[in-house]
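Novice: This structure is in structure tokens; I'll ask about it shortly.
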Amino acid sequence: MADYKEEVNDMKMQEVRNIAKERGLKAGSKMSKTDIIRSIQRAEGNTDCFGTEQVNICGQINCLWREDCLAIQKA
């Protein structure tokens with residue numbers, strides 16, 4: 001089921017890896033998209049909440065990951 005959820009998302013894996021690289025983070029080839037995004041969130045000083053139930057109460061309308069996060073919850 002995790003594979004399906006990752007395919008549903010709008011932002012492609014390579015885009016996520018590029019963002020991690022731009023921020024000086026290592027995104028290993030075995031890391032999932034969710035793990036990479038949560039690493040980016042932590043590095044930015046944000047809560048690593050991507051793909052959690054927190055989306056239901058999240059007020060971060062401008063979050064870079066919001067669309068993908070909402071898509072995961074709908075899948």
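Laboratory data are not the source of any read-out in this text; all were calculated from the coordinates shown. Here the structure is a predicted model, which is why all the values come from computation and not from measurement. Heads up, the Cβs are rebuilt from the backbone with ideal geometry, glycines too, and the neighbour counts pull from every protein chain shown.
Novice: With +1 on each Lys and Arg Cβ and -1 on each Asp and Glu Cβ, how big is the dipole of the chain about its Cα centre, in debye rounded to the nearest 20?
Specialist: Here the size comes out at about 260 debye.
Novice: Further question: May I ask for the longest run of the chain untouched by trypsin sites (Lys or Arg not before Pro) that are loop-located per DSSP and have at most 13 neighbouring C-beta atoms (other than their own) within 10 Å?
Specialist: That gives 31-75 as the longest site-free run.
Novice: Shifting gears a bit: What is the spin-label model distance, in nm, from I61 to K26 if the labels are put 7 Å beyond Cα along the C-beta direction?
Specialist: Those two pseudo-labels are separated by 4.0 nm.
Novice: Charges on Cβ only, +1 for Lys and Arg, -1 for Asp and Glu, centred on the Cα centroid of the range 2-74; of W65, I19, C49, which one is farthest towards the dipole's positive end?
Specialist: So the residue we want is I19.
Novice: Further, regarding this structure: Can you give the local net charge around I19? Use residues other than it whose beta-carbon is closer than 13 angstrom to its beta-carbon, Lys and Arg +1, Asp and Glu -1.
Specialist: +3
Novice: At 222 nm, what value in deg cm²/dmol follows for the chain if DSSP H runs of at least 4 each add -39500 (n - 2.57) and the sum is divided by all its residues, to the nearest 500?
Specialist: Calculated from helices alone, the mean residue ellipticity at 222 nm is -14000 deg cm²/dmol.
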